[in-house]
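Structure, as structure tokens:
The values are calculated or read from the model by the stated rules, or taken from the named source; none is laboratory data. Bear in mind the structure is a predicted one, so any value in this text is a computation, not a measurement. In this analysis, Cβ positions are derived from the backbone assuming ideal geometry, glycine residues included, and neighbour counts consider all displayed protein chains.
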Amino acid sequence: MIDETFDAIVVGAGPAGNACAYTMASRGLKVLQLERGEYPGSKNVQGAILYADALEKVIPDFREDAPLERHVIEQRMWMMNDRSVSGMQYRSDDFNEERPNRYTIIRAQFDKWFSKRVQAAGALVICETTVTELVRNTQTGRVIGVRTDRAGGFIKADVVVLAEGVNGLLGERAGLRTPHKANHLALAVKEMHFLPRDTLEARFNLQGDEGVVIEAAGTITRGMTGTAFVYTNKESLSVGIGCLISDFKETGETPYGLLEGFRKHPAVAPLLAESDVKEYAAHMIPEGGYNAIPQLYGDGWLVVGDAGQFVNAVHREGSNLAMTTGRIAGEVIHQIKARRDPLDAENLSLYAQKLEKSFVMKDLKKYRNLPRALHNKHLFTTYPNLISQALQTWFRVDGVEKKQKENEIVKSFFRTRKFTGLASDVWSIARGWR
Amino acid sequence: MASDVASPEVRVEDRLFQNRYLVDVGRPHIKVREHAQPSKELLALTRICPAKCYALNDSGQVEVTPDGCMECGTCRVIAEAQGDIEWSYPRGGYGVLFKFG
């Protein structure tokens, strides 16, 4: 099919692959990027929030033509039980700044834009092509290229960057990493709800391109570890919910049943009223954190983005880690090529060293024990109910004296979860957070 | 607890109807291994698959119809390791085509 050797082949055209291909191509390397979708983005799903900082470090002027939806000025963190919502809200006019920090985006459009920039930087991007196999030197095991589902032999490259996403088959089947575990992955489903722009802005108290994001947890996941969200786009709402796959398997809950429950919640339904649903999507999310990160490099290969489990589940960060790992991988490959050294495991170990020094690994390491602490059904059922009852007791004016209300609230916690349960929940989260 | 909030029969078909697909006719990208009795993993797929591609047939085996598959890979995580299913990506360009993603 292609009878030349590339400096690098990038498998996948999501944020990690695009950041990597752009970084290498703009530094003069000969890059081939292969994408199985009809166009970049057609296989990709995200909430989606774009964190500007990570993209700025790749494409500083991205705001000029990137398809951005709304800049985020307000964050709502909801704790939900079946009938109530309590939580925290932060809205600031400071987020109406010249170079906003967070935007909502629609991935199919964003990825397509990013890919155009990658192509303009000089990379050859071929879509509708599934990479079926990594080709390795039979003696040394070194990765020397890829085979695709198109006719022809294999395509040679000095290095293959695996930006194949959370459901990446290549690295697994080549034995470069073990399959992700069901308790290290979430399954999320999402719908796109369209509304007239002025209706949406009135419902969320927005002007111009201001946006709101809502992150929610509680009885909506029926005891499973997971969260739900509502993000405001220009003329649509991204509405989704996700839980650990191991929890789905154990409980027999269905993802669409959960989404239906969330949509119909009395605090959510009015936000979605009379919307026109135009897409239903599903995707996995890496949730294993630091302890789930696989081997990241070897002779002739690197792994970036979701395929490497680079997601900070606590802060809902993923695409920024994808872009950052992609950029750093690209810089490292360029650096090694520039001094004419081989792209072997020893030289590529620089990638892991640089990640260790960046916020990517520092943040993931900080929360390394949190996934286990959050796998506690009381956090998603018992506490949201207790907190809802407590607030209702507190706010209801009914002639009961305040001292008695306080006692009732405190007693309700100890009665329900006992002292040892409370102490262990607080302790495990505090330790995980440290 | 919240199960009374959701109707038990959510029509997934109606949701998938909104999506774009290019089905590779005659080349399903997922296959279920022949079995007399489904394993608990295969049974789990009838609940967890977000596109409801897996269903029990009249004689009690789990069958897959991957036309509405969104290629999330959840079934692969649950049932590939022990050989219950075979999973590969559709040929380039085929399968689900997200308009928004």
message: Exactly one condition in (1) touching a helix residue (DSSP H, G or I) at 6+ places or on another chain (Cβ under 8 Å); (2) over 25 Å from A:CYS127 (Cβ atoms); (3) within 12 Å of chain A (Cβ to nearest Cβ) is false for B:GLY101; which is it?
response: (2)
query: Only one of (1) away from chain B (no Cβ under 14 Å); (2) at negative phi; (3) at pLDDT below 95 is not met by A:GLY87, so which one is it?
result: (2)
message: For the range B:43-50, check the following and say yes or no: at least one residue is farther than 23 Å from A:GLU133 by Cα, more than 9 Å from the chain's Cα centre (by Cα) and more than 8 Å from chain A (Cβ to nearest Cβ).
response: yes
message: Given (1) modelled with pLDDT of 95 or more; (2) at positive phi; (3) within 14 Å of chain B (Cβ to nearest Cβ), identify the lone condition not met by A:GLY122.
response: (3)
- request: Evaluate the range B:63-79: report whether one residue or more is of a type in the set (S, T, N, Q), buried (at least 21 other Cβ atoms within 10 Å of the Cβ), touching a residue at least 12 places away in the same chain (Cβ under 8 Å) and not in a strand (DSSP E or B).
  value: yes
- line: Quick count over the range B:80-90, residues being part of a loop (DSSP other than H, G, I, E, B), at pLDDT 95 or above and at the interface with chain A (Cβ under 10 Å from one of its Cβ atoms), is 4
statement: Those residues of the range A:380-426 which are in a helix (DSSP H, G or I), without any contact (Cβ under 8 Å) to a residue 12 or more places away in the chain and small (Gly, Ala, Ser) amount to A:ALA423, A:SER424
task: Kindly check whether there is at least one residue in the range A:306-317 that is over 22 Å from A:MET192 (Cβ atoms), within 12 Å of chain B (Cβ to nearest Cβ) and under 13 Å from the mean Cα position of the chain (by Cα).
output: yes
field: Residue in the range A:357-378 that is farthest from A:LEU422 (Cα to Cα), counting only those that are without any contact (Cβ under 8 Å) to a residue 40 or more places away in the chain and in a helix (DSSP H, G or I)
entry: A:LYS357
- request: Within the range A:149-204, track down each residue that is assigned to a helix (DSSP H, G or I), without any contact (Cβ under 8 Å) to a residue 40 or more places away in the chain and either at the interface with chain B (Cβ under 9 Å from one of its Cβ atoms) or closer than 27 Å to A:LEU34 by Cα (or both).
  value: A:LEU169, A:GLU172
- request: List the number of the failed condition for B:GLY60; all other conditions in (1) within 8 Å of another protein chain (Cβ to nearest Cβ); (2) on the phi > 0 side of the Ramachandran plot hold.
  value: (1)
query: Just for the range A:264-281: of the residues that are within 17 Å of A:ALA202 (Cβ to Cβ) and free of Cβ contacts under 8 Å to residues at least 24 places away in the same chain, which one is farthest from the other protein chains (Cβ to nearest Cβ)?
result: A:ALA273
query: Just for the range A:208-230: of the residues that are small (Gly, Ala, Ser) and part of a loop (DSSP other than H, G, I, E, B), which one is nearest to the chain's Cα centre (by Cα)?
result: A:GLY223
